[in-house]
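Visitor: The structure under discussion is supplied below as structure tokens; questions concerning it will follow.
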Amino acid sequence: MRKRRLQQLVPGAALLSAALWCQPAAHAGADALYMRDAVPALSPREAGARYGQALGALEICYGSRLTAAGDALRSRFSGADNEVFKAQAAKIFSAWHTVKNCANASDPNQCKIIMDKSCAAAEAEIGSHGTVMPGLVEFATR
């Protein structure tokens, strides 16, 4: 029941789901050559979703910053693909913005839990050792 309620509070909960904690790399920066080769394998929709996730993480997650690879992702697509990319990025960023503005008078801790789990998921997926698109965002060590 609680998980269902959390999903109702957060649109796009699939991207904002809980994930296992990943330790960030000791070195700063992302491997831009890896990103150059990895990005074309993703559809504009998936790349846009990950870019939106990165922008959302910058809004919520303490000590996060966009890497050069994350910044370069914006210019990877053109024409109709760019429109798909931007639309998906805006949709996912909007979900993160909803999380940031979370207000639940009956249980305010629920908002903090959602934010923490969203940041952990972002770090696991797009952080230095991410499982989906590593190196888009750098997270501060805790």
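Visitor: Using the Karplus curve 6.51 cos²θ - 1.76 cosθ + 1.60 with θ = phi - 60°, what ³J(HN,Hα) values do you get for each residue of the range 114-119, in whole Hz, with x for Gly and Pro?
Guide: Along the range 114-119, the couplings run 4, 5, 4, 5, 5, 5 Hz.
Visitor: Let me ask something else about it. Pop out the ³J(HN,Hα) list for the range 82-92 in order, Karplus 6.51 cos²θ - 1.76 cosθ + 1.60 with θ = phi - 60°, rounded to Hz; leave Gly and Pro as x.
Guide: Running phi through 6.51 cos²θ - 1.76 cosθ + 1.60 with θ = phi - 60° gives 5, 5, 4, 4, 5, 5, 5, 4, 5, 5, 5 Hz.
Visitor: Can you tell me the length gained on complete extension of the stretch ARG65 to ALA80, counting 0.36 nm per residue apart and subtracting the Cα distance?
Guide: 2.6 nm
Visitor: A follow-up question, please. Beta carbons within 10 angstrom, averaged per residue: use that to sort the peptides 95-101, 113-119, 51-57, highest first.
Guide: Ranking, from highest mean packing down: 51-57, 113-119, 95-101.
None of the figures in this text is laboratory data; all of them are computed from the coordinates on show. Predicted model only: the values in this text are computed from it and were never measured. Neighbour counts are summed over all protein chains in view; Cβ atoms, including those assigned to glycine, are modelled from backbone coordinates with ideal geometry.
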